Amino acid sequence: MTHKIPVSVLVVIHTADLDVLLIERAGQPGFWQSVTGSVDAVDEPLLQTAARELCEETGIVVDGQHIVLRDWNLSNVYEIYPIWRHRYAPGVTRNTEHVFSVQVPRDTLITLSPREHLQYAWLPYLAAADRCFSSSNAEAILQLPAMTGLARPT
């Protein structure tokens, strides 16, 4: 078994109106999150990991013109949930997560990976933060207005 590398990305997908796309995990129904995923190799650039995970989990393709990833230059170190520790090498208990965002039109076609996710929902950013099971994901969503420069909806 190849162990996961404890370095990951979090990609918050949002509209100009600060609606956020959340996806429900197939293996843990009721666990809602943004796009997440680990680097495939120690030398995989984080931007490449974010673009790959975004495409794999939602079908959204970064094109560099209309769909552009924004690197927040922010990372969170957190304790890996016990239910997922078996994926990592023995003794690995912490993960470093790097935060990105991507703004898309509200009518963007979403194609979920059925192996990974059950359904998706667009929610106003405050409601999306409340629904996330991960505190670092919720915190990133709450920072969305400041990190993107978009005004909060009235």
Q: Kindly work out what percent of the DSSP beta bridges joining two residues of the chain are antiparallel, to the nearest 5.
A: 70
Q. What does the accessible area of W84 come to, in Å² to the nearest 10, when a probe of 1.4 Å is used?
A. 20
Q.
Ordering D19, D107 by accessible area with a probe of 1.4 Å, largest first, what comes out?
A. D107, D19
Q. Ignoring ligands, DNA and RNA, how do R115, R106 rank by accessible area with a 1.4 Å probe, largest first?
A. R115, R106
Q | Distance histogram in 10 Å bins (all Cα pairs of the chain, percent per bin) | A | 11, 42, 37, 9, 1, 0
**Q.** Sum of -39500 (n - 2.57) over DSSP H runs of 4+, divided by residues of the chain (222 nm, nearest 500)
**A.** -6000 deg cm²/dmol
Q: Could you pull the accessible area for R70 with a 1.4 Å probe, rounded to 10 Å²?
A: 100
Q | Heavy-atom accessible area order for L47, L54, largest first, 1.4 Å probe | A | L47, L54
Q: May I ask for log10 I(q)/I(0) of segment 1-80 at q = 0.17, 0.22 Å⁻¹, from a Debye sum over the Cα atoms as equal point scatterers with solvent left out?
A: -0.76, -1.25
Q: May I ask which residue of L21, I83, L54 lies farthest towards the positive end of the charge dipole of segment 7-148, with charges of +1 (Lys, Arg) and -1 (Asp, Glu) on Cβ and the Cα centre as origin?
A: I83
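The values are calculated or read from the model by the stated rules, or taken from the named source; none is laboratory data. These figures come from a predicted structure and were not determined experimentally. So basically every Cβ, Gly included, is an ideal-geometry build from the backbone, and we count neighbours across all protein chains shown. Ligands, DNA and RNA are stripped out before the accessible areas are found, and what is left, the full protein with its side chains, is counted by its heavy atoms. Shrake-Rupley method; radii C 1.70, N 1.55, O 1.52, S 1.80 Å.
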